[in-house]
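Here is the structure we will look at, set down as structure tokens.
The values are calculated or read from the model by the stated rules, or taken from the named source; none is laboratory data. Note that the coordinates shown come from a computational prediction; the quantities given were computed from them, not determined experimentally. Note: ideal-geometry Cβ built from the backbone for every residue, glycine included; neighbour counts use all protein chains shown.
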Amino acid sequence: MQANHELVKGARDFARSHGRLYINGAQTDSLLEETLDTIDPSSGDVWATVHAGGVADIDRAVQAAHSCFERDWGRRPPADRERFLRRFLDLLEKNTDLLAALDSIDNGVVLSMLRTQGAGLLLSTVEYFSGWPTKIAGQAFAPTLLPSVPGRTATLSTIFEPIGVVGCILPWNAPAAFSLTKAIPALAAGCTVVVKPAEQTPVSALAIAELLTEAGLPAGAFNVVNGMGDVAGAALVNHPLVRKISFTGSTDVGRIISQAGGRSFKRLTLELGGKSAFIVMDDADIDTAAAVAHMAGYFLNGQFCMCPSRLFVERRVRDRFVATMSAMAQSMRVGPSYQEGVTMGPLISALDQQRVHGIVSDVAAAGGTVVYGGAPTEGPGFGFQPTLVDVADHGLPFCQEEIFGPVMGVTAFDRDEMDGLVKMVNNVRYGLAASIWTSDLKTAHSLIPTLQVGVVSINDHATVDAMYPFGGVKDSGIGREFGCDGFESFFEKKSVSVCY
Ligand code: NAD
């Protein structure tokens, strides 16, 4: 196993030679003639510079994807696509360390975690979807009693057809994972893609493009256009040949995309922000619940859409739960993401470090009590201490808005206030995930239908698995990724009647 510093060196070498756009199977210069600097949040220094594309570059990429879809990839037999995905899986397995290092430098997520857990998600996603192309099947119906030619018979059926060119717009918190979780099911379905990574994390998608080409994907099936969201991202959403947008990011940008994409009736999958609840009853395994809250709350340095930022703990066990979390937080080491022994990396930017600090200061001024943490760590880089705030007033912005940092709030409740608890949990605009910790199945089952979320877990939180549909309700988005639902979202269903 290579040491972290060797991987970081390899990643820096890769970035030096791969900063251009990737269109039609090759690196190419941006027609916009602009570049983007990407900052290593562990040091605060610019570590790579990439080409930034504009409207004309998006058009080139979409035209390449459309032509490849029409003449090649969209017409391939499903078994061909499966064989390609298995070849890609083999190649990916040899390159997960490179992708982990690129993302760790780019977004500050701990490299050892990306090399293990992160790599596991990448590989299992490709493996899962590599089995789907030959399994998709429509329906056959009984002959209709209403054929348009009286006296004849008409059989009715449905067939699945790949939707066409898909625009994938990514956030920065898990760039390689989002490149693959969006593009691989699309490619498995026979679609072609144009990926627009986040400005902060433009590099790993370029490495994935090379790997896909090396595995035998035809030119034009997977294209990468880095650039600004309101330029390259907006051009992708507005392009008439793009039939679907698969977006993960903030609710505010999701709303813009929903309006712009709606004008041309594009299919939309929108995975947006969250404010997830973590409900701990007094009959739960408290130590395990605290350990999972700690793990999920500080996962991706707290920049995790399903971060359990609202911990609701039954009053009788609140002190023990908080004491266990405090002890675990003490043993964390915040530092550069690729340094051995570091358990939590920095926030994505200096601005986010200040923003998160401001949120904690504001809630402290409004009556919240900082149990531990609450301040930026010493530089270099944009670190922030793992933080827990005791907060009673659930109406405060701290309890209502996504923080996207290593900060959770804990609120005690009593067993005779369950209706009030459910109201509190639901009284936010988001609806991504919630978990219930209890040893009583009756409590668990009575709460499941009351929670307005897309993902609910019992004695578990935020499990992600390629076979398991994932997505939110309310301001957390529309549509589902992963599983059969995620795969089917890359198809149109055509109804076919045959009269004879
Ligand atoms: P963001 O919304 O700022 O940016 C996401 C992407 O949208 C970037 O690629 C950006 O360039 C692009 N973009 C910006 N303006 C655009 C426009 N007008 N048209 C088209 N594209 C545009 O989000 P972010 O800061 O990168 O990511 C953090 C957010 O993502 C958080 O809110 C987090 O909860 C959310 N997120 C959600 C999930 C989920 O699965 N629900 C997962 C990860 C992150």
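Here are some notes:
- Being within 16 Å of the ligand (Cβ to nearest atom) and either touching a residue at least 12 places away in the same chain (Cβ under 8 Å) or in the same structural domain as D352 (by TED's automatic domain parsing) (or both) is a property that P171 has.
- Of the residues making up region 338-350, those that are surrounded by 19 or more Cβ atoms within 10 Å (Cβ to Cβ) and touching a Leu at 6+ places or on another chain (Cβ under 9 Å) number 3.
- Test: A186 is closer than 25 Å to R87 by Cα, more than 11 Å from the ligand (Cβ to nearest atom) and in a helix (DSSP H, G or I): yes
- Of all the criteria given as (1) closer than 19 Å to G25 by Cα; (2) within 7 Å of the ligand (Cβ to nearest atom); (3) out of contact with any strand residue (DSSP E or B) (no Cβ under 8 Å at 6 or more places or on another chain), the one not satisfied by P197 is (3).
- Listed by position, the strands (runs of 3 or more DSSP E) inside region 210-322 whose residues that are small (G, A, S) and modelled with pLDDT of 95 or more number at least 1 are 242-248, 277-280.
- Considered as a group, the residues in region 452-474 that are within 14 Å of the ligand (Cβ to nearest atom) and in a strand (DSSP E or B) include one that is nearest to the chain's Cα centre (by Cα), and that residue is F470.
- Only one of the numbered conditions (1) crowded, with 24+ Cβ neighbours inside 10 Å; (2) in contact with a Leu (Cβ under 8 Å, 6 or more places away or on another chain) is not met by A189, and that is (2).
Rundown of residues vs (1) of a type outside the set (A, V, I, L, M, F, W, C); (2) loosely packed, with under 14 Cβ neighbours inside 10 Å; (3) out of contact with any Pro (no Cβ under 6 Å at 6 or more places or on another chain); (4) more than 27 Å from V473 (Cα to Cα), yes/no style:
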site: R315; (1), (2), (3), (4): yes, yes, yes, yes
site: R318; (1), (2), (3), (4): yes, no, yes, yes
site: D352; (1), (2), (3), (4): yes, no, yes, no
site: H394; (1), (2), (3), (4): yes, no, yes, no
site: V407; (1), (2), (3), (4): no, no, yes, no
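Conditions (1) of a type in the set (A, V, I, L, M, F, W, C); (2) farther than 25 Å from V109 by Cα; (3) in the same structural domain as A350 (by TED's automatic domain parsing), marked per residue:
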| site | (1), (2), (3) |
| --- | --- |
| A11 | yes, no, no |
| L21 | yes, no, no |
| E34 | no, yes, no |
| T38 | no, no, no |
| S43 | no, no, no |
| A48 | yes, no, no |
| G53 | no, yes, no |
| D59 | no, yes, no |
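- Every residue from region 93-118 that is crowded, with 24+ Cβ neighbours inside 10 Å and either closer than 16 Å to G10 by Cβ or at pLDDT below 95 (or both): L99, A100, A101, L102, D103, S104, I105, D106, L111, L114
- Comparison of V166, V194 shows that the only residue that is in contact with a Cys (Cβ under 9 Å, 6 or more places away or on another chain), in contact (Cβ under 8 Å) with a residue 60 or more places away in the chain, aliphatic (A, V, I, L, M) and closer than 23 Å to K493 by Cβ is V166.
- Of the residues making up region 240-286, those that are of a type in the set (V, I, T) and either near the ligand (Cβ under 10 Å from one of its atoms) or under 14 Å from the mean Cα position of the chain (by Cα) (or both) number 7.
- Residue match in region 149-167 (condition: within 12 Å of the ligand (Cβ to nearest atom), crowded, with 24+ Cβ neighbours inside 10 Å and within 23 Å of A64 (Cα to Cα)): yes
- Every residue from region 475-500 that is more than 16 Å from the ligand (Cβ to nearest atom) and not in a strand (DSSP E or B): C484, F487, E488, F490, Y500
- Matching residues in region 223-239 - criterion: being within 10 Å of the ligand (Cβ to nearest atom) and either hydrophobic (A, V, I, L, M, F, W, C) or touching a residue at least 24 places away in the same chain (Cβ under 8 Å) (or both): N226, G227, M228, G229, V231, A232, G233, A234, A235, L236, V237, N238
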